[in-house]
Amino acid sequence: PFERSQRLVDGAFIGALMADDSGDGTKHDDKDAEGAMIAEAAGRIRRVPMRNVSLAMLGASPRDTNYNADSAYALGEACGLGGTDFFISHSWSDCPRQKFAQLCAVSLMFWQKHKRQPTFWLDKCCIDQSEIERDLRCLPVFVQSCSELLILCGDSYSTRLWCVWELYIHFAMAGDQA
């Protein structure tokens with residue numbers, strides 16, 4: 001419990017830095033900013049159960065013209081901080097079949113251990129595209145709130161800035177826990 005709450009505070013610190021766009025040079029109280037960031041993230045975090053994840057979903061990029069953001073978002077569900085098993089870090093440019101196979105293998109191992117399907121933070125189901133900036137500010141808290149980081153690594157993964165950013169958040173804030 002203490003480790004998770006400290007991870008959330010650490011994530012909130014990064015999120016608060018990202019959100020501080022006042023530009024007026026005013027000194028803000030870090031504790032207030034961190035608390036506000038955690039509260040905002042707690043109200044915005046979502047997860048998607050494995051039963052809602054499909055190969056087709058992993059193949060459709062949010063940049064595709066036929067992508068329906070509302071349908072993807074509807075596959076997710078609200079949850080509290082700490083209520084998601086895995087944060088999925090991946091590149092939309094990588095092979096959806098390989099990513100889905102990795103996800104199925106992890107899900108099977110999770111089922112064998114916990115006797116339930118896992119839940120995931122998956123960007124297209126968990127980021128509200130109509131308020132993308134708000135959700136992206138909360139990203140550090142979302143990463144830290146999930147029990148584990150799941151990297152679906154393909155050929156383009158290490159070249160994607162968002163993927164590197166997610167790894168940075170996880171490993172910089174995890175300390176000895178990584």
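The values are calculated or read from the model by the stated rules, or taken from the named source; none is laboratory data. Keep in mind the model is a prediction, meaning the values are calculated, not measured. Backbone-built Cβ (ideal geometry, glycine too); neighbour counts: all protein chains shown. In case anyone asks, the SASA skips ligands and DNA or RNA and just uses the protein heavy atoms, side chains included. Shrake-Rupley method; radii C 1.70, N 1.55, O 1.52, S 1.80 Å.
Distance between the C-alpha centres of segment 59-73 and segment 145-171: 21 Å, rounded to the whole angstrom. Taking only protein heavy atoms and a 1.4 Å probe, the accessible area of segment 28-101 is 50% carbon and sulfur. Summarising the amide proton neighbourhood of LEU150: residues at separation of 5 or more, or on other chains, whose placed amide H is nearer than 5 Å comprise PHE87, ILE88, SER89. If the chain linking GLN129 and TYR168 were pulled fully straight, counting 0.36 nm for each residue of separation and taking away their Cα-Cα distance, it would gain 11.7 nm. Evaluating 6.51 cos²θ - 1.76 cosθ + 1.60 at θ = phi - 60° for every residue in segment 156-173, the Karplus couplings come out as 9, 3, 6, 9, 9, 4, 4, 5, 5, 4, 4, 5, 4, 4, 4, 6, 5, 8 Hz, glycine and proline recorded as x. In this label model, GLU148 and LEU108 are separated by 1.5 nm, measuring between points 7 Å along each Cα→Cβ vector.
Using the Cβ-Cβ distance between THR159 and ALA36 with R0 set to 35 Å, the FRET efficiency works out to roughly 0.55.
Solvent-accessible area per residue in segment 104-178 equals 53 Å², computed with a 1.4 angstrom probe and all protein chains kept.
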